[in-house]
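What follows is a short report on a single structure.
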C-alpha cells in the first residue's frame, strides 16, 4: 500500500478516525441530559441546569505520571483511564465539588487505535460510575516530539459546589479535631519513577503477602472517594477539610488544608502499610520519613472532623481509621509524623 505524504511523515489520520470509532459507544454511555453535543463536535456542550443558589465551578487538570509507562509495558490501558478520572475527581472533591464533565488528551509517537480506545473506555467507565460526562478529548500523534513507543494521557475535570459548602472551612477547625484516613487502593498515581526503577528486572507476576501479584498491586486503579464522602456527609457527619494524598504524600498535602495556627500530628502506627508499599520500601531502601513524602502508604484521603464525631463515623464507615489529631501550632512543622 502506498503511503500518503502525511503517513510518510509519521501521522496516520485513518488511525485517529479508527480510534474514535472504537471509543464512541463508551463515551456516549457517559452522557447525561446536560450534554448537548455528540462525539466529534468541535466543542463539548454542557447545559448548566438546576444550579445551587451560589454556584462555584471547580476545575482541575492532571496526568498519571510515569505509571503510564508501566501500564504500556504490561498492555493494561483501561486502568490508566480509571486513574486519570479518579485522580482528578478526588482533587475537586476535597473542595466539596461534584464532577460535571471531563475532557481527555492522549498523545503518542505513533497512535495505536486499540490502546487509545481502551484508555478512553477506562475513562468512560470511571466517569459513568460518578455521574460525570466525558464530553470531549484529543488524540495527538506527534512523531519527533515523543520518542518511539511513548504514550501519555492527561485530563481536565469541571465540578460544581455551592459557595456555602466550599471546603476547607478554616475557621471551624480547632485543636483536638480528628484526622480520619480512608484507605487507598495502592500507590494510585504517585511515586512511579521510583517504583519503576525499583522493580526493573524483577518478576512482576510474583505474589505479595496479600495474594496480589506485583503487577496487579502496582496497576490497581486510583481509588475514587466521591461516593464514600457523599455517604459520610449524607449520614450527617461534619467534614471541615479533606486532603487528597497524592504527590508529596502526607508531608506536602495535609498542610494545604490547615489554618496557620494548627498543625497535624499523624501517628504512623495507626494503620498497617499494605504489602506492596512494604515491598517497595524494602527493595528501594528509601528512608522511612521520605516514604511518607513520596507515597500514600495505604491512606488515600484524609478527613478533618470534630473530635466528638470520630467514633460514630468509624462505626458508620468500618474501613476508616483515626490517624491523628490537630494541634495548636507554635514553631513546629505543619505535619508531625509520630513513628
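The values are calculated or read from the model by the stated rules, or taken from the named source; none is laboratory data. This structure is a prediction, so every number in the text was calculated from the model and none was measured. Because the Cβ atoms are built from the backbone with ideal geometry, glycine has one as well, and the counts that use them run over all protein chains shown.
Check every one of the helices (runs of 4 or more DSSP H) wholly within segment 1-98 and list those with 1 or more residues that are loosely packed, with under 14 Cβ neighbours inside 10 Å and under 25 Å from the mean Cα position of the chain (by Cα). Explain how you work it out, then say what you get.
Details: elements: 5-8, 13-28, 67-74, 77-93.
Those helices (runs of 4 or more DSSP H) span 13-28, 67-74.
Filter segment 251-265 for residues that are surrounded by 19 or more Cβ atoms within 10 Å (Cβ to Cβ) and either modelled with pLDDT under 95 or closer than 9 Å to residue 168 by Cβ (or both) and give the result.
257, 258
Pairs under 8 Å by beta carbon, first residue in contact (Cβ under 8 Å) with a residue 24 or more places away in the chain in segment 301-312, partner surrounded by fewer than 17 Cβ atoms within 10 Å (Cβ to Cβ) and not in a helix (DSSP H, G or I), six or more apart or different chains?
Close Cβ pairs (under 8 Å, with a partner that is surrounded by fewer than 17 Cβ atoms within 10 Å (Cβ to Cβ) and not in a helix (DSSP H, G or I)) amount to 305/238; 306/238; 307/176; 309/238.
Can residue 110 be described as farther than 16 Å from residue 62 by Cα, assigned by TED's automatic domain parsing to the domain that holds residue 18 and not in a helix (DSSP H, G or I)? Can you show your working first?
Values: farther than 16 Å from residue 62 by Cα: yes; assigned by TED's automatic domain parsing to the domain that holds residue 18: yes; not in a helix (DSSP H, G or I): yes.
It is true that residue 110 is farther than 16 Å from residue 62 by Cα, assigned by TED's automatic domain parsing to the domain that holds residue 18 and not in a helix (DSSP H, G or I).
Report, by residue number, each residue of segment 144-176 that is in contact with a strand residue (DSSP E or B) (Cβ under 9 Å, 6 or more places away or on another chain) and farther than 27 Å from residue 99 by Cβ.
Those that are in contact with a strand residue (DSSP E or B) (Cβ under 9 Å, 6 or more places away or on another chain) and farther than 27 Å from residue 99 by Cβ: 145, 146, 149, 150, 174, 175, 176.
Say we look at segment 190-212 and pick out the residues that are part of a helix (DSSP H, G or I) and either modelled with pLDDT under 95 or more than 14 Å from the chain's Cα centre (by Cα) (or both); which of these is farthest from residue 316 (Cα to Cα)?
Taking segment 190-212 as the starting set, the residues that turn out to be part of a helix (DSSP H, G or I) are 192-199.
Still in the list and also either modelled with pLDDT under 95 or more than 14 Å from the chain's Cα centre (by Cα) (or both): 193-199.
Details: 193: 37, 194: 36, 195: 35, 196: 38, 197: 40, 198: 38, 199: 38 Å.
Filtering first and then ranking leaves 197.
Can you find a residue in segment 180-201 that is in contact with a strand residue (DSSP E or B) (Cβ under 9 Å, 6 or more places away or on another chain) and more than 30 Å from residue 76 (Cβ to Cβ)?
Yes; the residues of segment 180-201 include at least one that is in contact with a strand residue (DSSP E or B) (Cβ under 9 Å, 6 or more places away or on another chain) and more than 30 Å from residue 76 (Cβ to Cβ).
So which pairs qualify, if the first residue must be in segment 54-74 and closer than 15 Å to residue 120 by Cα, the second must be modelled with pLDDT under 95 and assigned to a strand (DSSP E or B), the Cβ gap must be under 7 Å, and the two must be at least 6 apart or on different chains?
Partner pairs satisfying both residue conditions: 63/152; 68/151; 68/152; 72/151.
Could you say whether any residue in segment 124-134 is modelled with pLDDT under 95, out of contact with any helix residue (DSSP H, G or I) (no Cβ under 7 Å at 6 or more places or on another chain) and within 25 Å of residue 215 (Cβ to Cβ)? Steps first, answer last, please.
At the first step, the residues of segment 124-134 found to be modelled with pLDDT under 95 are none.
Among the residues of segment 124-134, not one is modelled with pLDDT under 95, out of contact with any helix residue (DSSP H, G or I) (no Cβ under 7 Å at 6 or more places or on another chain) and within 25 Å of residue 215 (Cβ to Cβ), which makes the answer no.
Quick one: which helices (runs of 4 or more DSSP H) lie wholly within segment 213-289 and hold at least 3 residues that are touching a residue at least 60 places away in the same chain (Cβ under 8 Å) and farther than 24 Å from residue 308 by Cβ? Before you say what the answer is, go through the steps one by one.
On the way: elements: 214-218, 226-234, 249-253, 275-284.
In segment 213-289, 214-218, 275-284 are the helices (runs of 4 or more DSSP H) which contain 3 or more residues that are touching a residue at least 60 places away in the same chain (Cβ under 8 Å) and farther than 24 Å from residue 308 by Cβ.
Looking only at segment 41-58, how many residues end up being under 21 Å from residue 84 (Cα atoms) and touching a helix residue (DSSP H, G or I) at 6+ places or on another chain (Cβ under 7 Å)?
Matching residues across segment 41-58 total 1.
Can you tell me which residue within segment 290-331, out of those that are assigned to a loop (DSSP other than H, G, I, E, B) and in contact with a strand residue (DSSP E or B) (Cβ under 8 Å, 6 or more places away or on another chain), is surrounded by the fewest Cβ atoms within 10 Å (Cβ to Cβ)?
We begin by selecting, within segment 290-331, every residue assigned to a loop (DSSP other than H, G, I, E, B); these are 295-298, 306, 317-320, 329-331.
Cutting the leftovers down to in contact with a strand residue (DSSP E or B) (Cβ under 8 Å, 6 or more places away or on another chain) gives us 298, 306, 317, 319-320, 329.
On the way: 298: 22, 306: 17, 317: 17, 319: 9, 320: 21, 329: 17.
It comes out as 319.
Would you please name the residue that is surrounded by the most Cβ atoms within 10 Å (Cβ to Cβ), looking only at residues in segment 107-136 that are more than 16 Å from the chain's Cα centre (by Cα) and within 18 Å of residue 74 (Cβ to Cβ)?
My answer is 116.
Within segment 137-152, does at least one residue satisfy the condition of being closer than 27 Å to residue 13 by Cβ, under 17 Å from the mean Cα position of the chain (by Cα) and not in a helix (DSSP H, G or I)?
Of the residues in segment 137-152, the ones closer than 27 Å to residue 13 by Cβ are 137-152.
Now drop any that are not under 17 Å from the mean Cα position of the chain (by Cα), which leaves 152.
After this cut, where a residue has to be not in a helix (DSSP H, G or I) as well, the list is 152.
Checked against the condition, which is being closer than 27 Å to residue 13 by Cβ, under 17 Å from the mean Cα position of the chain (by Cα) and not in a helix (DSSP H, G or I), segment 137-152 yields at least one hit.
Within segment 13-27, can one find any residue that is at pLDDT 95 or above, touching a strand residue (DSSP E or B) at 6+ places or on another chain (Cβ under 7 Å) and on the phi < 0 side of the Ramachandran plot?
yes
Checking residue 190 against (1) touching a helix residue (DSSP H, G or I) at 6+ places or on another chain (Cβ under 8 Å); (2) surrounded by fewer than 21 Cβ atoms within 10 Å (Cβ to Cβ): exactly one of these is not met. Which one?
Here residue 190 meets the rest and fails (2).
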